[in-house]
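Structure, as structure tokens:
The values are calculated or read from the model by the stated rules, or taken from the named source; none is laboratory data. Note that this is a predicted model, so its numbers are computed, not measured. Cβ placement follows ideal geometry from the backbone for every residue including glycine, while neighbour counts extend to all protein chains displayed.
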Amino acid sequence: MRILAIDPGSKRIGLAISDPTGTIANPLMVLNHTARLLDAAAVAELAKTNKAGLIVVGQSLDDNGRPNFEGRRAGRFVEALKTKTDLPVVFWDESFTTQEARAARIAMGVSRKNRLGHLDSVAATVLLQSYLDANPQK
């Protein structure tokens, strides 16, 4: 089963998709944020187009494990998304995904000049791979 991951942000939404076996995460694309319902409709359509069976949404948590400001924003996005799709949607802790994405680009030898771009789809890929590693598909 393919799994679609979302790294929601206030300006951009990073997306990643798993392979059909649900083992390997790959960057998909970045959507520019327009409005919550429009973003949710676009994500639902991408999930359908890519034959995803599950959507994983990154949620930021505070030190006590509760959603922080960005995490609550992700929660509102999920509520909008649920009006656009019947697919199951789960939250996954997205703490440090952007830092890990940055480190991954450095490890891959991407030059400093080329690392200046957006990390949103790479962060979504890190998020999804973390989910896949913790929840192996049967």
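Points worth noting:
- Screening Gly109, Gly71, Gly75 for residues that are in contact with a Phe, Trp or Tyr (Cβ under 9 Å, 6 or more places away or on another chain) and either at pLDDT below 95 or assigned to a loop (DSSP other than H, G, I, E, B) (or both) leaves exactly one candidate, Gly71.
- Any hit, region 47-57, residues being in a loop (DSSP other than H, G, I, E, B) and in contact (Cβ under 8 Å) with a residue 60 or more places away in the chain: no
- Pair list, Cβ < 9 Å and 6+ apart or interchain, from region 58-77 residues that are farther than 15 Å from Arg12 by Cβ to residues that are in a strand (DSSP E or B) and of a type in the set (A, V, I, L, M): Pro67/Leu61; Asn68/Leu61; Gly71/Leu61; Gly75/Val57
- Top-ranked residue in region 16-46 [being hydroxyl-bearing (Ser, Thr, Tyr) and in a loop (DSSP other than H, G, I, E, B); ranked as farthest from Asn135 (Cα to Cα)]: Thr34
- Here region 8-45 is the region considered, the condition is being among the basic types (Lys, Arg) and in contact with a helix residue (DSSP H, G or I) (Cβ under 8 Å, 6 or more places away or on another chain), and the residue that is surrounded by the most Cβ atoms within 10 Å (Cβ to Cβ) is Arg12.
- Test for Gly65: is it part of a loop (DSSP other than H, G, I, E, B) and either at pLDDT below 95 or under 17 Å from Ser130 (Cα atoms) (or both): yes
- Which numbered condition Gly58 fails, given (1) surrounded by 22 or more Cβ atoms within 10 Å (Cβ to Cβ); (2) out of contact with any helix residue (DSSP H, G or I) (no Cβ under 6 Å at 6 or more places or on another chain): (2)
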